[in-house]
């Protein structure tokens, strides 16, 4: 029973870390990375499709992405989707290949992005703490129903706190890495 609570908390905390990693991938640094365009959707025969399902995304050099739609008529739609995204990118089309140059980040933009990254990290920490709270509440319920002893509950609380500390430390580590990426010129 205690193991189930612990396992559930660990699984949910790991998912929170994965979610944070996904959010960090959306925030661009000065370098080209294919995951930058992951959240862009394109209208494809009447339905919205992720960009990576209608085109091949590659890296040409450190500051340029290439997007090659699989069908010639999709070039204009893909280019329009990239322009209208919240990334502030200006793609250039040559034939069926769309080149997306990434402008260098200004100091002010870097500071804004660091603020966004810190906010995302704090959201991740809060999510992990909420999972801890839920797990501790479940343990209290088990104690109240006399399914576990007070000693078992105390040991389980200690284990869940260790788990929480590990995951919060991992969030801080991910935040440090992302800040270093943003500050690198």
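Rule-based calculations on the coordinates, nothing more; no lab input. Fair warning: this is a prediction, and the values are worked out from it, not measured in the lab. Cβ sites come from the backbone with ideal geometry, for glycine too, and all protein chains shown count toward neighbours.
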Report task. Name the residue, out of 46, 124, 95, whose mean-square fluctuation peaks in a Gaussian network model built on the chain with Cα pairs under 10 Å. Result -> 46
Query - Segments 128-138, 145-155 sorted - mean Cβ within 10 Å per residue, highest first - result: 128-138, 145-155
Query raised in the report: In whole Å, what are the Cα extents of the chain along the three principal axes, biggest one first?
Result: 71, 40, 21
Query - Computed [θ] at 222 nm, deg cm²/dmol, the chain (DSSP H ≥ 4; -39,500 (n - 2.57); rounded to nearest 500) - result: -21000 deg cm²/dmol
